[in-house]
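Beneath this line is the structure, given in C-alpha cells, with notes to follow.
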Amino acid sequence: MKRLYLLLALLILILAACGSTTTQATTPTPTPTDTPTPDANAGGPAPSATVAGACGNQCATPSGSGGQSTMGSPVESGTWLVTINSAKTSMGSQYDSPPKAGDIYLTINFTVKNMSANAQETSSYPFTLRDGQGTTYNDTYLDGTAVNYGTVAAGQQLRGDLSYEVPMAIHSFILQFDDPMDYEHSEIVQWTIKD
C-alpha cells in the first residue's frame, strides 16, 4: 500500500514538472461603445453594450503563449485564423431560460478561418472564458445565435456565436483560443472582453 502511495505521489510530481508557466503580454483594449446593436432575437431585450474593432489589412500576431489580441483583428493560432468580431450582453430571448438572479448572458461573435490544406472540425471547445478571479464559464446555447461548430474546408471560414451566463457584477473577461492540435499550449491567443 505504501508503494502505491509513493508511486502516486511520484506520478503527481512528474506531471507537475511537465507543466509550464506563461506570461501575459498586455496591450490597450478597446472600450465598449454605448451604442447597442439590434438584438438578433425577436422580442428579446436589446444588448447593453457592444465591443467591436476593425482589422484593416493587418493581422495581429501576439508573441508567445497568452499574447493579448485586439478585438476585430485576425490572429493566428495553429492552423486557424481567429477574429473576435463583437460582444454583447442580453437577458436572452423569450425562448431561452432566463439567467439566474444576478446573471446575464454574454454573447461573443467570432470568425475562424481554416488555414490548413485539409478540412477541419471546429466547435466552441477551443474557446475558454474566464473572469479576473480565474472562474471559468461554460458556454450555453441561446435561441437566435449563430451555430459555432462544423466542418470548415481548407481556406474557408465559419462565423458563429459563443454564449455564456455570467454575473452582472463582472464587466471584464478573458477569452482564450487554443488550437486543439496545439498539444504544448504554445499558441494560445486571448482577448479582453468588456461589456
Do we find that Gly64 is in a loop (DSSP other than H, G, I, E, B) and either at pLDDT 95 or above or more than 27 Å from Ser186 (Cβ to Cβ) (or both) in this structure? no
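Tell me yes or no: at least one residue of the range 122-131 is more than 17 Å from Ile188 (Cα to Cα) and either touching a residue at least 60 places away in the same chain (Cβ under 8 Å) or surrounded by fewer than 21 Cβ atoms within 10 Å (Cβ to Cβ) (or both).
Looking through the range 122-131, none of the residues is more than 17 Å from Ile188 (Cα to Cα) and either touching a residue at least 60 places away in the same chain (Cβ under 8 Å) or surrounded by fewer than 21 Cβ atoms within 10 Å (Cβ to Cβ) (or both).
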Strands (runs of 3 or more DSSP E) fully within the range 132-187 counting 2 or more residues that are out of contact with any Cys (no Cβ under 8 Å at 6 or more places or on another chain) and of a type in the set (Asp, Glu): 157-167
When you check Tyr164 against the structure, is it free of Cβ contacts under 8 Å to residues at least 60 places away in the same chain, in contact with a strand residue (DSSP E or B) (Cβ under 7 Å, 6 or more places away or on another chain), under 17 Å from Gln120 (Cβ atoms) and not β-branched (Val, Ile, Thr), yes or no? no
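Yes/no per residue for (1) at pLDDT below 95; (2) farther than 25 Å from Tyr95 by Cα; (3) touching a helix residue (DSSP H, G or I) at 6+ places or on another chain (Cβ under 6 Å):
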residue	(1), (2), (3)
Thr135	no, yes, no
Asn148	yes, no, no
Val152	no, yes, no
Gln156	no, yes, no
Tyr164	no, no, no
Tyr183	yes, yes, no
Ser186	yes, yes, no
Asp195	yes, no, no
I'd like to verify a number: residues in the range 157-195 that are of a type in the set (A, V, I, L, M) and in contact with a Gly (Cβ under 9 Å, 6 or more places away or on another chain), how many? 8
Test result for Lys88, modelled with pLDDT of 95 or more and within 20 Å of Val147 (Cβ to Cβ): yes
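The values are calculated or read from the model by the stated rules, or taken from the named source; none is laboratory data. Source: prediction; values computed, not measured. Neighbour counts are summed over all protein chains in view; Cβ atoms, including those assigned to glycine, are modelled from backbone coordinates with ideal geometry.
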